Amino acid sequence: VRLVARQRSLLSLFGIRFIVRLGVRLIGPVLPLFVQTLVPPAARLATITGLISGVQAGASAIGAVTLGRASDRIGYRRVLLACTVAAAILYVPQFFVTTPWQLLILQGAVGLVMSGVLASTSALLATLAPEGRQGAVYGVDASVVSAANAVGPMLGATIAATVGLRAPFLLTAGALALAAGLVWLLVPRNGQEKSPIDSD
């Protein structure tokens, strides 16, 4: 693990992974309550919320295949950068939606581009991992994701309770925009090549 920690490109990628996952998880506890504000009292809230989540999952499955192939062709960094920018943009209009169907379309689009983030990040982890240390890299990655999964919902619920149910969407957009900036600045431009490990 110390060997992994000394590789700056990997540390940068773990930071990006945490920010992206944290941002997305902010929405989890808020979504049903937010949908409730968009539908009449007699509407089937659970069905509509489940449909939105299902569309997002379906779009993610499609995107995992198409964007995964695209990242193999044009480069992992390019796909990661494009998808984080697109996701950040897509979360902004969700702050302004007035119907659940608008939210459904936008969440479906988010599912599509977020699958590109996942596919390209996983590929970058594999290519940047020091030889023979792939297990340690993916172990650290699992810990990073678990930490974000733990903090994100609590933070999202706190923000929703103090600022409003729409606020987490803008915060998520900001987190993804920050992640995109870090991808631009810190991820090696040739994502297929491993960065040298710092001595000492």
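Among the residues of segment 87-99, just one is out of contact with any Leu (no Cβ under 6 Å at 6 or more places or on another chain) and open to solvent by less than 30 Å² (accessible area, probe 1.4 Å), namely 91.
Looking at 157, 173, can you tell me which residue is part of a helix (DSSP H, G or I), of a type in the set (A, V, I, L, M) and surrounded by fewer than 19 Cβ atoms within 10 Å (Cβ to Cβ)? Break it down stepwise before answering.
Numbers: 173 fails: surrounded by fewer than 19 Cβ atoms within 10 Å (Cβ to Cβ).
Just one listed residue meets the conditions, 157.
Among the conditions (1) touching a residue at least 60 places away in the same chain (Cβ under 8 Å); (2) open to solvent by less than 30 Å² (accessible area, probe 1.4 Å), the only one that residue 107 does not satisfy is (1). Yes or no: segment 113-135 includes at least one residue that is surrounded by fewer than 19 Cβ atoms within 10 Å (Cβ to Cβ), acidic (Asp, Glu) and part of a helix (DSSP H, G or I). No: segment 113-135 contains no residue that is surrounded by fewer than 19 Cβ atoms within 10 Å (Cβ to Cβ), acidic (Asp, Glu) and part of a helix (DSSP H, G or I). The one condition from (1) at pLDDT below 95; (2) under 19 Å from residue 77 (Cβ atoms); (3) within 20 Å of the chain's Cα centre (by Cα) that residue 194 does not meet is (3).
In segment 28-40, what residues are open to solvent by less than 40 Å² (accessible area, probe 1.4 Å), closer than 21 Å to residue 155 by Cα, in contact (Cβ under 8 Å) with a residue 24 or more places away in the chain and out of contact with any Gly (no Cβ under 6 Å at 6 or more places or on another chain)? Let's see the steps before the verdict.
Going through segment 28-40, the residues open to solvent by less than 40 Å² (accessible area, probe 1.4 Å) turn out to be 30-31, 34-35, 38-39.
Next, from what is left, pick out any that are closer than 21 Å to residue 155 by Cα: 30-31, 34-35.
This time we only want the ones that are in contact (Cβ under 8 Å) with a residue 24 or more places away in the chain, so: 30, 34-35.
Selection gives 34, 35.
Mind listing just one residue for me: the one in segment 87-100 that is part of a helix (DSSP H, G or I) and not β-branched (Val, Ile, Thr) and, of those, farthest from the chain's Cα centre (by Cα)? Among those that are part of a helix (DSSP H, G or I) and not β-branched (Val, Ile, Thr), it is 100.
Rundown of residues vs (1) assigned to a helix (DSSP H, G or I); (2) surrounded by 19 or more Cβ atoms within 10 Å (Cβ to Cβ); (3) without any contact (Cβ under 8 Å) to a residue 12 or more places away in the chain; (4) out of contact with any Cys (no Cβ under 9 Å at 6 or more places or on another chain), yes/no style:
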{"position": "42", "(1), (2), (3), (4)": "no, no, yes, yes"}
{"position": "54", "(1), (2), (3), (4)": "yes, no, yes, yes"}
{"position": "61", "(1), (2), (3), (4)": "yes, no, no, yes"}
{"position": "79", "(1), (2), (3), (4)": "yes, yes, no, yes"}
{"position": "85", "(1), (2), (3), (4)": "yes, no, no, yes"}
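The values are calculated or read from the model by the stated rules, or taken from the named source; none is laboratory data. What you are looking at is a predicted structure, and each value in this text was computed from that prediction instead of being measured. Note that each Cβ is placed from the backbone with ideal geometry, even for glycine, and that neighbours are counted across all protein chains shown. SASA here: full protein model, heavy atoms, side chains in, ligands and nucleic acids out. Shrake-Rupley method; radii C 1.70, N 1.55, O 1.52, S 1.80 Å.
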